[in-house]
1. Residue by residue through region 24-34, note down the ones that are modelled with pLDDT of 80 or more and either more than 30 Å from Lys131 (Cα to Cα) or not charged (D, E, K, R) (or both).
2. What are the residues in region 50-75 that are out of contact with any Phe, Trp or Tyr (no Cβ under 9 Å at 6 or more places or on another chain) and of a type in the set (Gly, Ala, Ser), if any?
3. Just the residues that are modelled with pLDDT under 90 and more than 21 Å from the chain's Cα centre (by Cα), please, taken from region 88-110.
4. Sort out which residues of region 23-51 are assigned to a helix (DSSP H, G or I) and in contact (Cβ under 8 Å) with a residue 24 or more places away in the chain, and write them in order of number.
5. Check region 94-101 and report whether any residue there is in a loop (DSSP other than H, G, I, E, B), over 25 Å from Gly228 (Cα atoms) and of a type in the set (Asp, Glu).
6. Given the options Gln133, Gln150, name the one that is modelled with pLDDT of 90 or more and over 18 Å from Leu215 (Cα atoms).
7. Would you check if there is a residue in region 51-73 being buried (at least 16 other Cβ atoms within 10 Å of the Cβ) and among the small types (Gly, Ala, Ser)?
Amino acid sequence: MRSYLNLVIVLTMLLPATWAGAQGVKKIAVDKQRTVQWKPAIGQYYFSHSLVFDYENKADKTKGTLKIHVDPVTGAMCFRKESSFGPKGNTYDFIIGFPDGKYIYCGVDDKGKKIKVTELVKEFKPDAETKTQQKEDFITYCVPTGNKRQDFELESAEYDLSYATSETKDKLWLAKTPFSVYALYGIEFVEGTVSLPVSFDYMYLLPSNELITELNAKDAVLKLTSFGRDPFTAITKGYQKIKVND
């Protein structure tokens, strides 16, 4: 029994800090306006903060700035046409994503009618086997360098990111957050509807409380340039809910 306990202690010490959970992460003070403005029951969502990234998509030969509005309390995020996904979003004015995999799309159809579509992404709820594989892949392919830095209200750590199918190694910086960032990573699963100018397809590898703050890869460069208070209220009231085929 003692040997077993010793083994558990050793394995726990070896497990990367990324998988130790969100304990010890400083919570973000709740915006006082949220109490008044956050009213999902009537289709009103208040986002007190925003994440701003500079990006370069080497494959598309494009570069620019990307903004995502965030509710630090729930991890809900809002993607706006003018600052998140641009004309690739077809008819949508904004998209709200939630940590449980729910997405609400609001926009105007080709007849000028304001419409609202709701979708639930099943990949947000992986089974036990998938979760285990995710942890194993992180330990295998993300090797900490020991370098750390402060990125606004977040502390980032540097990793060497390798791949099973190539000799390529990328530089990756991750920050542990007090809220889920899966609404950002999960938008890749609704790519047929809208896509961001650079990929955040890392749900297969990263836990829900790890935010990419910098990436230097063969096909893309990404860096968090701002994270702070930037209030925005998204109102879905007035958009008519429609059903789509499965």
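The values are calculated or read from the model by the stated rules, or taken from the named source; none is laboratory data. If you're wondering where the values come from, they're calculated on a predicted model, not measured in any experiment. As a convention, Cβ positions derive from the backbone with ideal geometry for all residues, glycine included, and neighbour counts pool all protein chains shown.
1. If the condition is that a residue be modelled with pLDDT of 80 or more and either more than 30 Å from Lys131 (Cα to Cα) or not charged (D, E, K, R) (or both), then Val25, Ile28, Ala29, Val30, Asp31, Lys32, Gln33, Arg34 are the ones that fit.
2. Ala59 - this is the single residue of region 50-75 that is out of contact with any Phe, Trp or Tyr (no Cβ under 9 Å at 6 or more places or on another chain) and of a type in the set (Gly, Ala, Ser).
3. Those that are modelled with pLDDT under 90 and more than 21 Å from the chain's Cα centre (by Cα): Asn90, Thr91, Asp109, Asp110.
4. Arg34, Gln37, Ile42
5. To start, the set of residues in region 94-101 that are in a loop (DSSP other than H, G, I, E, B) comprises 98-101.
From what's left, over 25 Å from Gly228 (Cα atoms): none.
The answer is no, given that none of the residues of region 94-101 is in a loop (DSSP other than H, G, I, E, B), over 25 Å from Gly228 (Cα atoms) and of a type in the set (Asp, Glu).
6. Values: Gln150 fails: over 18 Å from Leu215 (Cα atoms).
Going through Gln133, Gln150 in turn, just one is modelled with pLDDT of 90 or more and over 18 Å from Leu215 (Cα atoms): Gln133.
7. Scanning region 51-73 turns up no residue that is buried (at least 16 other Cβ atoms within 10 Å of the Cβ) and among the small types (Gly, Ala, Ser).
Per-residue answers, yes or no, for (1) of a type in the set (A, V, I, L, M, F, W, C); (2) over 30 Å from Pro144 (Cα atoms); (3) at pLDDT 95 or above:
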position: Ser3; (1), (2), (3): no, no, no
position: Ile9; (1), (2), (3): yes, no, no
position: Thr12; (1), (2), (3): no, no, no
position: Ala22; (1), (2), (3): yes, no, no
position: Val36; (1), (2), (3): yes, yes, yes
position: Gln44; (1), (2), (3): no, yes, yes
position: His49; (1), (2), (3): no, no, yes
position: Val52; (1), (2), (3): yes, no, yes
position: Ala59; (1), (2), (3): yes, no, no
